[in-house]
Amino acid sequence: MRATESLAMPPVTRLPRPAVIGHRGAPAYRPEHTAASFELAIDQGADLIEPDVVVTRDGVLVVRHESDLSLSTDVAEHAEFADRRSTRVVKGEPVTSWFTEDFTLAELRTLRAVERMPALRPLNTAYDGRFGILTLAEVIELARRRSTPGHRVQVLVELKNVVWPDGDGPTLAALAADELRRLGVAHAAGPVVVQSFDTALLRELRERLGDHGPRLVQLVSDQPVGDRMVTRAGLREISTYAQGIGPSRKRILESAGSRNGRRCPLVVEAHRAALSVFCWTLRAENAFLPEHLRSGDEPGEHGDSVAQAQELLDLGLDGLITDNPDHAVAALRSRTPQSVGA
């Protein structure tokens, strides 16, 4: 990717150009949340890398898609942790597994990462066991280390959920505020942007870090609560504590409808509310693509995700969150001034 100006998100203006955001790194090619995945995303041209953040028993912020360790680590193979398997309610549903909140960081360091979707990404299983679990601090340091004068890599931190075993412990917002201060990145000009689906969490973080704290992005679910968020009034409300929103590609495309790929009411209204718009999550496998962009019949075969990225960029998005940063970069490079949407 060409050398560019900083993609730091101003408080009330749009980004200078669309950003490529490596979703958990480049998990289409390396197991998610590993050093290899983040490094590859940067090598492919990602402007931001996006780690999901959960917490350990001793209060350390680590990067995993969820606190459930069974899908992305070899925890089930560790006999010494067999008694840590438990059942707890997560997002209203009972889940039986191993959870980060039951492990210290030192214990998590003994686990190894594995591919979370082996059926769709069998080549990634060759890297199973090669990498450990990273802390948020290590990911931020990786981004700093891999930045260059012409390509400043930022970190889009997604704060997930914390479910303490005894039901009592600090909030994730409190832990995140303390860690961002400790790392010296708790300010708007820093390399960290924070996102979450949890509105209360983002509001608490804003209160703890103030108006000059890191930029915040309100993720928007496809559930009814997300429908309210994307109304004009909902977007104005979000703009009182955040600088961006993150709807799904499904919501973006449904909002755009059949408008010749040029205007998306949701994007237009968000920009009127001084909110940048990041879209999640682009993946190249047929299983995640609309029928007209698929290639063949195998769910794991790659279709034309570059075309989907181009379609979304033409709707005026400020960033694409993707498992394939190289595909989004290719879509950006193919654009002409006439292809820019609303």
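The values are calculated or read from the model by the stated rules, or taken from the named source; none is laboratory data. Predicted model, so just to flag it, every value in this text is computed and none were measured. Heads up, the Cβs are rebuilt from the backbone with ideal geometry, glycines too, and the neighbour counts pull from every protein chain shown.
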Quiz prompt | Given (1) surrounded by 22 or more Cβ atoms within 10 Å (Cβ to Cβ); (2) farther than 30 Å from His302 by Cβ; (3) out of contact with any helix residue (DSSP H, G or I) (no Cβ under 6 Å at 6 or more places or on another chain); (4) of a type in the set (S, T, N, Q), number of the condition Ser97 does not satisfy | solution = (1)
Quiz prompt | Enumeration of residues in the stretch 170-203 that are surrounded by fewer than 19 Cβ atoms within 10 Å (Cβ to Cβ), in contact (Cβ under 8 Å) with a residue 60 or more places away in the chain and outside any loop (DSSP other than H, G, I, E, B) | solution = none
Exercise. Please verify whether the stretch 15-28 includes one or more residues that are of a type outside the set (A, V, I, L, M, F, W, C), in contact with a strand residue (DSSP E or B) (Cβ under 7 Å, 6 or more places away or on another chain), surrounded by fewer than 24 Cβ atoms within 10 Å (Cβ to Cβ) and modelled with pLDDT under 95.
Key: no
Self-check item: Single unsatisfied condition, Gly226 versus (1) part of a helix (DSSP H, G or I); (2) at pLDDT 95 or above; (3) under 19 Å from the mean Cα position of the chain (by Cα)
Solution: (2)
Quiz item: Which numbered condition trips up Asn124, out of (1) in a helix (DSSP H, G or I); (2) more than 18 Å from Ile21 (Cα to Cα); (3) under 17 Å from the mean Cα position of the chain (by Cα)?
Solution: (3)
Quiz item: Is at least one residue of the stretch 264-287 surrounded by 18 or more Cβ atoms within 10 Å (Cβ to Cβ), among the hydroxyl-bearing types (Ser, Thr, Tyr) and farther than 24 Å from Val157 by Cβ?
Solution: no
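This table checks each residue for (1) within 22 Å of Glu50 (Cβ to Cβ); (2) at pLDDT 95 or above; (3) outside any strand (DSSP E or B).
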site: Val217; (1), (2), (3): yes, yes, no
site: Glu237; (1), (2), (3): no, yes, yes
site: Ile245; (1), (2), (3): yes, yes, no
site: Arg251; (1), (2), (3): yes, yes, yes
site: Arg262; (1), (2), (3): no, no, yes
Practice problem: Give the number of residues within the stretch 25-64 that are closer than 20 Å to Thr100 by Cβ, touching a Lys or Arg at 6+ places or on another chain (Cβ under 7 Å) and small (Gly, Ala, Ser). | Solution: 1
Quiz item: How do the pairs read when you match residues in the stretch 128-153 that are farther than 14 Å from Ala36 by Cα with residues anywhere that are modelled with pLDDT under 95 and assigned to a loop (DSSP other than H, G, I, E, B), using Cβ under 6 Å and keeping only pairs 6 or more apart or on different chains?
Solution: Gly150/Ala3; Arg152/Ser6
Quiz item: Name the pairs: first residue in the stretch 14-38 and among the aromatic types (Phe, Trp, Tyr), second residue surrounded by 24 or more Cβ atoms within 10 Å (Cβ to Cβ) and not in a loop (DSSP other than H, G, I, E, B), Cβ to Cβ under 6 Å, at least 6 apart or on different chains?
Solution: Phe38/Ile49
